[in-house]
1. Among what's in the stretch 170-197 and is touching a strand residue (DSSP E or B) at 6+ places or on another chain (Cβ under 8 Å) and polar (S, T, N, Q), pick the residue that is least open to solvent (accessible area, probe 1.4 Å).
2. Working only within the stretch 351-374, note down all residues that are over 40 Å from the mean Cα position of the chain (by Cα) and modelled with pLDDT of 80 or more.
3. Specify the residue that is surrounded by the fewest Cβ atoms within 10 Å (Cβ to Cβ); the eligible residues are those in the stretch 267-290 that are part of a loop (DSSP other than H, G, I, E, B) and of a type in the set (Ser, Thr, Tyr).
4. Restricting attention to the stretch 249-263, which residues are under 15 Å from SER415 (Cα atoms), in contact (Cβ under 8 Å) with a residue 60 or more places away in the chain, open to solvent by 30 Å² or more (accessible area, probe 1.4 Å) and in a loop (DSSP other than H, G, I, E, B)?
5. Scan the stretch 211-226 for residues that are open to solvent by less than 10 Å² (accessible area, probe 1.4 Å) and of a type in the set (D, E, K, R) and report the count.
6. Among what's in the stretch 96-112 and is in contact with a Leu (Cβ under 8 Å, 6 or more places away or on another chain) and not polar (S, T, N, Q), pick the residue that is surrounded by the most Cβ atoms within 10 Å (Cβ to Cβ).
7. Mind listing just one residue for me: the one in the stretch 291-332 that is surrounded by fewer than 19 Cβ atoms within 10 Å (Cβ to Cβ) and among the small types (Gly, Ala, Ser) and, of those, farthest from TYR279 (Cα to Cα)?
8. Taking the stretch 227-244, which residues are closer than 30 Å to GLY341 by Cβ and open to solvent by 60 Å² or more (accessible area, probe 1.4 Å)?
Amino acid sequence: MKHARLLQTCALCLMMTATAHPASAQGTLVPEQCTVGIGGRPVCYPIEDIGFSFEGPITAEEGAKGYITCNGDTVAEKEITVRNHSSQGWAIMLFDEPLILPKGQDYRVSIPAGMLALESDPTVTNDELASDFNIPASLPEAINRIEDGDTIEELSWFTFYYRVETKALATNPQATLYRKINDEWVDVRTFPVNVTYDWDLGQAWVDFGGTMHFEKGGEYKLVMKAGTISALYRDDIVNEEASITFTGGYTEPLPTINYIKTNITTYKDFDRIYELKFYYDVPVKLTPGMMIKLLRIEDEGMITGAEPTLEQDDGLWVVTADFGGFDMTPYDGFIVSMPEGLVVSAEGDVVANGQSSTQIGGTTGIGNTADKAAAVSCDGRRVTITGAAAGERITLLTADGRAVCGKTAGGADVSIELPGRGLFIVRVGTTAYKITGK
């Protein structure tokens, strides 16, 4: 990298005419620019050289020096080297070893007055030349083309931009997508981050691996944690946490997450509850801290709860809540309740389960029996009736007893879509079951 930055700047300045200052302003030698502090850009690299450019060749007094100060104290000084071209002159501080100045500080580079003169007219000399620059404590804040609060229907990738050149600092850098579920931010995806740069522009490119749709009204947040990337030439200048928050705007229906079976229907005795299992035929993950609960029928107050675990078994994803043989004999029935957002898709678009509940016992639920009884469960707005005898009539009613639809069991599971939210009754033969659509 030796002097590459200065040489590139020299080439740039040779092309700059519209913004160049005249070489002389009332007998004073005026610089075009300094190679540090341009446009307020932070200095995130070891400093090999600093130069002031002029419109026309220049000369320097013997022993003339430039100085770098911080809070009034001199931290570096170097004799001036002059390099002239046909239409441009440079006063340069060339350091023997690159300067790695402490970060998080403001600095000033200066050349005292009278040290430089215009080669064609030695009476034209410089006033004190000075340029301020900053070495930041961390990478400048990321620049996003999407603003917080924007509505996004779909994305295939997202890029955090930086005003400095960047590289990956972490091994296998990643960004995390969160979705707000029940007022909590839930980690739903992790994506690889490709880090690159162009001229004074760093890029951390989050690859979604394909087009991802964001459900209308859903709240999302994409986060790249602090320390994931650094300045290209200074590992100690790293990013702070970068994030963007947005709202989903995709209006087409997305696939739902529903379990395909549960072991509740195999229970013969509900006096003690051990493991309750729910089986999914698509990859899913669990939201930490959420529980499957056993509720009282009369007021839906919680009896007990268990945070489930997830495992794969024979191509299925199995959610297991272990209640450890909890004694249910004091209760005249209960409700197994799975909260919305407990189960989230692990691949493709981000979707979560709806609230589901299954009533056990009571006056309208599954009771203890030596014979297999029908089981009714509700997952969001999908009702599944398992174990109904072939030919048995199944009727969906509103809470006030009005029939909505009816089906006849054929020996396999029967599914009914609820017309809306609220309380409904499913009657299987002569047994009624209360369910709640969410």
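1. Keep residues of the stretch 170-197 that are touching a strand residue (DSSP E or B) at 6+ places or on another chain (Cβ under 8 Å), which gives 170, 172-181, 185-197.
Still in the list and also polar (S, T, N, Q): 172, 174, 176, 190, 194, 196.
On the way: ASN172: 121, GLN174: 103, THR176: 29, THR190: 68, ASN194: 69, THR196: 64 Å².
The residue in question is THR176.
2. Filtering the stretch 351-374 for residues over 40 Å from the mean Cα position of the chain (by Cα) gives 360-374.
The one that is over 40 Å from the mean Cα position of the chain (by Cα) and modelled with pLDDT of 80 or more: ILE360.
3. Filtering the stretch 267-290 down to residues part of a loop (DSSP other than H, G, I, E, B) leaves 267-271, 281-283, 287-290.
From the residues that got through so far, the ones that are of a type in the set (Ser, Thr, Tyr) too are 267, 287.
On the way: TYR267: 20, THR287: 22.
Top of the filtered list is TYR267.
4. The answer is THR256, ASN258.
5. The total comes to 0.
6. So in the stretch 96-112, the residues in contact with a Leu (Cβ under 8 Å, 6 or more places away or on another chain) come out as 107, 110-111.
Narrowing further to those that are not polar (S, T, N, Q): 107, 111.
On the way: TYR107: 22, ILE111: 25.
Looking at residues that are in contact with a Leu (Cβ under 8 Å, 6 or more places away or on another chain) and not polar (S, T, N, Q), I get ILE111.
7. GLY301
8. Those that are closer than 30 Å to GLY341 by Cβ and open to solvent by 60 Å² or more (accessible area, probe 1.4 Å): GLU240, GLU241.
The values are calculated or read from the model by the stated rules, or taken from the named source; none is laboratory data. All figures in this text were calculated on a predicted structure; none of them were measured in a lab. Cβ atoms come from the backbone with ideal geometry, glycine included; neighbour counts cover every protein chain shown. Please note that ligands, DNA and RNA were not included when accessible areas were found on the heavy atoms of the full protein model with its side chains. Shrake-Rupley method; radii C 1.70, N 1.55, O 1.52, S 1.80 Å.
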